[in-house]
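Chemist: Below is a structure I'd like to ask you about.
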Amino acid sequence: MVGETPVMTNEQVKQLLSQPNIDSLIGARDSAILHFLAYTGARIGSPGSITVKDFYEDKGFYVLKWTKKG
């Protein structure tokens, strides 16, 4: 397994995504970050570069404008 990135199972991802307490502001933030990482496959530093202006509505769809490195 040298040089390979370990893969989480679907059950592990579901368990991770259910951990933040979304009833608090910090928990909601953490949940959004974890969902962003899980659903995009982004690198861990990517959410730090996103601003409120990067999230907008376009013709009835919500859009997150994000450019990945590499």
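The values are calculated or read from the model by the stated rules, or taken from the named source; none is laboratory data. Because the structure is a prediction, the values reported are computed rather than measured. Every residue, glycine as well, gets a Cβ built from its backbone with ideal geometry; the counts of neighbours run over all protein chains shown. To get the accessible areas, we keep the full protein, side chains included, count just its heavy atoms, and leave off ligands, DNA and RNA. Shrake-Rupley method; radii C 1.70, N 1.55, O 1.52, S 1.80 Å.
Chemist: Are any residues in region 23-47 more than 11 Å from the chain's Cα centre (by Cα) and open to solvent by less than 100 Å² (accessible area, probe 1.4 Å), and if so, which ones?
Modeler: SER24, GLY27, ALA28 - these are the residues of region 23-47 that are more than 11 Å from the chain's Cα centre (by Cα) and open to solvent by less than 100 Å² (accessible area, probe 1.4 Å).
Chemist: I've got another one for you. Kindly list, by first and then second residue, each pair from a residue in region 49-60 that is of a type in the set (Phe, Trp, Tyr) to a residue that is at pLDDT 85 or above and surrounded by 11 or more Cβ atoms within 10 Å (Cβ to Cβ), limited to pairs with Cβ atoms under 8 Å and residues at least 6 apart or on different chains.
Modeler: PHE55/VAL63; PHE55/LYS65; TYR56/VAL63; TYR56/LYS65
Chemist: With the requirement that a residue be outside any loop (DSSP other than H, G, I, E, B) and either among the small types (Gly, Ala, Ser) or open to solvent by 60 Å² or more (accessible area, probe 1.4 Å) (or both), what does region 48-70 give you?
Modeler: GLY48, SER49, VAL52, LYS53, PHE55, TYR56, GLU57, ASP58, PHE61, TYR62, LEU64
Chemist: Take region 6-22 and flag every residue that is of a type outside the set (Ser, Thr, Tyr) and open to solvent by 60 Å² or more (accessible area, probe 1.4 Å).
Modeler: Result: PRO6, VAL7, MET8, ASN10, GLU11, GLN12, LYS14, GLN15, LEU16, GLN19, ASN21, ILE22.
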